[in-house]
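Read-outs: derived from the displayed coordinates by stated rules, not from any lab. This one's a predicted model, so the numbers in the text were calculated from it and none came from an experiment. Positions of Cβ are backbone-derived with ideal geometry, glycine not excepted, and every protein chain shown enters the neighbour counts.
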Amino acid sequence: MSSVTNHDERPNPDNLDDPGLSETKTERVSYLRAGHTLRSWLFTTDHKRVALLYMMSITFFFFIGGIAAAFVRADLLTPSADLMTNEGYNRAFTLHGVIMVWFFLIPSIPNTFGNFLIPLMIGARDLAFPRLNLLSWYIFILGGIFTLFVLILGGVDTGWTFYTPLSSMYANGNVVLVATAVFIVGFSSILTGLNFIVTIHKLRAPGMTWGRLPLFIWSHYATSVILVLATPVLSVTLALIAAERLFGLGIFNPELGGDPLLFQHLFWFYSHPAVYIMVLPALGVVSELVAAAARKPVFGYKFVAGSSIAIAVIGFLVWGHHMFVSGQSIYASAVFSFLSLVVAVPSGIKIYNWTATLYKGDISLDPPFLFAMGFIGLFVVGGLTGLAVAMLAIDVHLHDTYFVVAHFHYIMVGGTVSAYFGALHFWWPKIVGRLYSVVWGRLSAMFIFIGFNFTFFPQFILGYEGMPRRYHVYPEQFQVLHDMSSIGASILGIAYLMPAVYLYYSLRYGQPAGNNPWNVTGLEWTIPSPPPKHNFDEIPTVDGPPYNYPVRKEAKHA
Amino acid sequence: MNDFASAWPDAASAYASNVDLLALFFMALVVILSAPVFILMVVFATKYRRGKNADRTEPINRNMWVEVSWAVVPFLLILFFYGWATSLFIVHASPPSDALEIKAVGKQWMWKFQHAGGQREINELHVPVGKDVKVVLASQDVIHSLYIPALRIKQDAVPGRYTELWFNAEKPGTYWLACAEFCGTDHSAMTGKFIALRPADYSRWLAENGSDGSLAAEGEKLFVSSGCSGCHSPDAKVHAPSLAGLYGRPVPLENGDVVTADDQYIRDSILLPQSQIAAGYPHIMPTFENILSEEDVLKLVAYVKSLAKASEENLP
Amino acid sequence: MRELPKVQTPYVDRAQQHEAGIMGMHIFLASEIMLFGGIFMAIAVIRQAHSQEVVEYSKELHYYLGAINTMLLLTSSFLVAAAVHMSRHARRKAVLALLVSAAFLGLLFLGLKGFEYWSEFQEGRLPVAGGMEKINSAPGRLFLNLYLVSTSLHAVHLTIGVIALLVVAGRIYTRRSALPQRSVVVETTAAYWHLVDIIWIFLYPLLYLAR
Amino acid sequence: MKTGVLFSVWVALSALLVATVVASFFLTGIPSLAAGLSIASIKAGLVFWYFMDLRGEKGLVRLSAVVAILWLFIFFLLVAPDYLFRTV
């Protein structure tokens, strides 16, 4: 067990014979060294390299989106408008939303860790359509370039939700360009989802039955189904908005007899399931992390696997809960409120089953597990406050307030980003072949958790007190809580930067990881770190259930 | 009047207190459902920490009944709250028929209110306490949302249709009102005051802000000045439906449907006249889409409504 | 015959590769169905809200041209289905003839559709600048807008389909795709073509025959 | 599959096309819409089943073809209560 890096033993940069410093044997034949030219990266069809391309691009977009958030929080320090104009503020939060949703959260875990791990976990040499995989990265980048272009042109001020007729007729930003950017990036999502589904169906190694799939795979399967079925609806809706702006199409324009609420139906039919695109992969990651930390099979494997599929399916039936005060029929609201409660059941199953998994485990407190614990805590708060806003009478009060802002940040940022960092800390040794400083990892896990709560918990109170979201200028009574939130955001911002430092450091000075630094199960840990280009010299045969840790029959006496 | 420093926001109506009660009980449920997870996670992480000596024999990996129970029991608890929240919501969504009616128009970026007596105000809403008040919302441009936190209610104002909001304020005072739906540049400036007055004060306020005439009277002026009377008056030569006694009655349409002549129908007939043509009349009414503002249309609706009442009174 | 191409990277055998290709295409088609689903939803809502005008303006569309176009697509679908059948039996020349004639019918469809747009423009019923003198109700214009958007989106798909058919025919002609081993390219292209046909099957009654 | 079968399906499709056009002359309102949509569904089913050869495919491919239609059905089903019962 070499998971703990001792700083005294770290390789000496002056000693060129130090095995920790120079290129190890496995590294020399790994996918990382299979071609050193830029061309070998930009035209690669290796899923592992495409995953790294994605990782670099989404880190970049996370940074841009984060800067926009910093502007927003800095401006909210005082009740008046002092840093930005009203228009500038609207552009800042719109940009924050658009970039974080479509260029960070949705591709975050699936396109990086999903891409990297799905073939490794099921014993395949690559995804089913390797060239399509690379193409989807290029499409993603094309969409990203459009967005950056909009940024240079001055941004857009509709909010990431593009509600009509504001976006279609009244907004004066570059709505068409942003719609085009999101439209393009949607195709990247669809192609990735398609690739994952076919891969999971067709490329499982012999013996890797559905009942033996890691839970990470199950949740990515569920995510892919949503990607394929929901994204096209968003695409066509954005196309209709563009047509509305360019040619006066009129579907959402009441002056022609159109209905602005139709947009909301179409938009949320995608965008509610999109929340599950963001969170399902995170749930899969946490299942892996919890099992690995406890060295035990996940409690109730079938329930946890099934709940991923259930979340994906039921997640399509609840979009109307975004429209309780929109003038939607009250009968529709009652139905959607009920269905929204139903979707809590499979999420609850996961939480309780993870907790049960820890019972009698052999629990490691390494960074990945700390991130997983952080995830569970934030996800529980986010989920249960989600139930609060699914309650009709409570939602009428809380809709479009900071309560909602806090709720979805707990799920999407607290949850998904914690899981993303958890995954990064867990599989980093596999991806780059080097170990990082565990102490710093634990510290950053704790700082992220604390900073996050500091930022977003006050927003629950703000919301209940009636602070509407997307407000630039606000009554003075809200200032204390807003300031707490902004201070928390600065802690969070620094905490997010910490891993960048020690992970980068580990690239050069980290100890070689060995095949299985955490001593856990899973096909990806049976091959060298970093993996060779073709993953498996010989396609493995699977003959046991997942998380097949030895069960201790007798009490161990010291 | 308001204690802005208090953490719990003011509740200015019985409905608001009911919502608070529901929220408090729900918060208790949140604690009940999440506490076991937090406590057990910490307990397990401490007790079964790697390297620590603990009894780890015979761990269990599945138990159907336990799993089903922790799926079903929380759901049933939540279901109880669903019933509670939904019944409150239905109260919120059903304005009493005899409520005092105030018209509100949202436009970038202000709220305009019109009282039945023709009193108008911008970004301020004066209402009497202890009376059911219904606000009919319209929007001139984009979607807005009238939000009165002290009443725990909000409702979107959607262009192209009317929506409603009602309340019965109990505590006199000045509260905050805001636009909750993002509506463009000065969204955060679209706020105002919600002023609940004792009935006597309200009457005084109405008198002090008296206008040239009631909403219906202003509608009548528009009816003449916009040219509606040219066709719709009883002595007009053009074959157009008479509007006397129309409001609230069923109207047979050309395509066989029958609709009730409510606010929305009258609004649509003015702005989208070709959409629901009354049976037996030619398609000649022009649209007033770009001629009349939402406020004007509300006045005309009030006028047509008053014609119905007038004709009822004339009945023997 | 040239040597058979090797099985590509992630696959262990040809059957697996074939099945993956077919499945990938069907999943893509599922996403296409959802794409048009948004349009169908818009048609449904407009129809429900303004049935009177939808019927009135639908009657003005050239339903017989739409019927001829439907016939062209159904026939082309038949030809393409036959091509799939022939490709499995390595009837190379038959496959080529069938694919090319199906593509030709597709082009005919596009030509006829273009003629239809042109004549509607002449009649003043096409909701584009200079072509809508006869449209005098707002919901009517909305319906025609929707007609234009959905049929042109369909036409874009059909154009892609024609190109795909011709490309596949070209690959078979130059023997870059050997039959029957690479019949999967014919099958997947055919599946796309059928889906474009099916979308038209629904658009036709909804737009042209609203009564 | 024999080309003969394909040809008879083509004949059936053409007949259904004639049927849908003829029906539009006699029916109006909801019955007309219902007729148009049911005939279209039958036609789509024939194309799916025979032309696209789902008949010969494995369950999985059939499922992926059906699932989108099912999802659209869900979409329409849940949007309906809003548009049919919207008051005010």
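Laid out as a table, the results:
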item: Charge dipole magnitude, Cβ of K and R +1, D and E -1 - region C:14-208, Cα centre, debye nearest 20; result: 1020
item: Among C:71, C:102, C:85 - extreme Cα towards positive end, dipole of region C:53-131, charges at beta-carbon; result: C:85
item: Exposure proxy ranking, count of Cβ atoms within 10 Å, fewest first, for A:188, B:293, D:8, C:150; result: D:8, B:293, C:150, A:188
item: Per-residue Cβ neighbour rank within 10 angstrom, fewest leading, A:400, A:483; result: A:483, A:400
item: Exceeding the 32 Å Cα-Cα cut-off - candidates C:113/D:43; C:59/D:2; A:360/A:430; result: C:59/D:2
item: Cα convex hull of region A:349-474 - mean projected area over all directions, nm²; result: 9.5
item: Per-selection Rg to Rh, the protein assembly as shown - Cα, Kirkwood hydrodynamic radius; result: 0.99
item: Where the Cα pairs of region B:207-316 fall when distances are cut into 5 Å bins, in %; result: 2, 12, 20, 26, 21, 11, 5, 2, 1, 0
item: Relative contact order of chain C, defined on C-alpha pairs under 8 angstrom at six or more residues apart (%); result: 32
item: Rg(Cα) / (2.2 N^0.38 Å) computed for region B:157-257, rounded to two decimals; result: 1.60
item: Number of partner chain Cβ atoms within 10 Å, mean per residue of A:318-328; result: 5
item: Translational D in µm²/s for region A:34-118 (Stokes-Einstein at 37 °C, 0.692 mPa s, Kirkwood Rh from C-alpha pairs); result: 225
item: Sorted by Cβ density within 10 Å, fewest first, the residues A:437, A:167; result: A:437, A:167
item: Cα pair distances of chain A binned at 20 Å [whole percent]; result: 21, 56, 21, 1, 0
item: Trypsin sites (Lys or Arg not before Pro) lying in DSSP loop within region C:106-188, provided at most 12 other Cβ fall within 10 Å; result: C:175, C:176
item: Kyte-Doolittle mean at least 0.0 and Cα axial length at least 18 Å: DSSP H helices in chain B; result: B:14-47, B:64-93
item: DSSP loop trypsin sites (Lys or Arg not before Pro) with at most 11 other Cβ within 10 Å: longest gap in chain A; result: A:1-552
item: Helix D:29-46 vs. chain D, principal-axis angle (Cα, 0 to 90°, nearest 10); result: 30
item: Three-way shape label, region A:78-155, alpha-carbon gyration tensor, a/c 1.5; result: oblate
item: Net charge, residue A:266 excluded, C-beta distance under 14 Å - Lys, Arg +1, Asp, Glu -1; result: -3
item: Fraction of beta bridges assigned by DSSP in the protein assembly as shown that are antiparallel (%, nearest 5); result: 70
item: Helix-derived mean residue ellipticity, 222 nm - over chain D, DSSP H n ≥ 4, -39500 (n - 2.57), to 500; result: -27000 deg cm²/dmol
item: Charge tally in the Cβ shell below 13 Å around residue C:130, where Lys, Arg are +1 and Asp, Glu are -1, residue C:130 excluded; result: -1
item: Helix A:175-202 vs. chain A, principal-axis angle (Cα, 0 to 90°, nearest 10); result: 40
item: Whole-Hz ³J(HN,Hα) from phi, Karplus 6.51 cos²θ - 1.76 cosθ + 1.60, for region A:142-148, glycine and proline x; result: 4, x, x, 5, 4, 5, 5
item: Residues whose placed amide H lies under 5 Å from that of residue B:139, excluding near-sequence neighbours; result: B:106, B:158, B:160, B:161
item: Dipole in debye (nearest 20) - the protein assembly as shown, about Cα centre, beta carbon charges: Lys, Arg +1; Asp, Glu -1; result: 4620
item: Computed helical MRE - 222 nm, chain A, DSSP H runs ≥ 4 contributing -39500 (n - 2.57), nearest 500; result: -20500 deg cm²/dmol
item: Compactness relative to 2.2 N^0.38 Å, alpha carbon Rg of region C:92-211; result: 1.33
item: Computed magnitude of the charge dipole of region A:44-526 (debye, nearest 20; Cβ of K, R +1, Cβ of D, E -1); result: 1760
item: Partner chain coverage, peptide A:473-480 - average Cβ within 10 angstrom; result: 3
item: Reciprocal mean inverse distance between Cα atoms of chain B - Kirkwood radius, Å; result: 23.5
item: Global form of region D:1-56, assessed from the alpha-carbon gyration tensor, a/c cut-off 1.5; result: oblate
item: For region C:83-99, 3J(HN,Hα) per residue [Karplus equation, 6.51 cos²θ - 1.76 cosθ + 1.60, θ = phi - 60°, Hz, x = Gly/Pro]; result: 4, 4, 4, 5, 5, 5, 9, 6, 8, 4, 5, 4, 4, 4, 4, 5, 4
item: Anchor residue B:171: aspartates and glutamates whose Cα lies under 12 Å away (excluding residues fewer than 8 positions away in-chain); result: B:10
item: In region A:462-547, the GluC sites (Glu not before Pro) that fall in loop regions by DSSP, at most 10 other Cβ within 10 Å; result: A:538
item: Using alpha-carbon coordinates, inclination of helix A:438-464 to the longest axis of chain A, degrees; result: 20
item: Cβ neighbours within 10 Å from other chains - mean over A:431-443; result: 0
item: Proportion of all alpha-carbon pairs of chain C beyond 21 Å (%); result: 58
item: Cut-off 12 Å between beta-carbons: net charge of the residues surrounding residue A:356, Lys and Arg +1, Asp and Glu -1; result: +3
item: Semi-axis lengths, Å, region C:3-44, gyration tensor of Cα atoms, sqrt of 5 times eigenvalues; result: 35, 8, 6
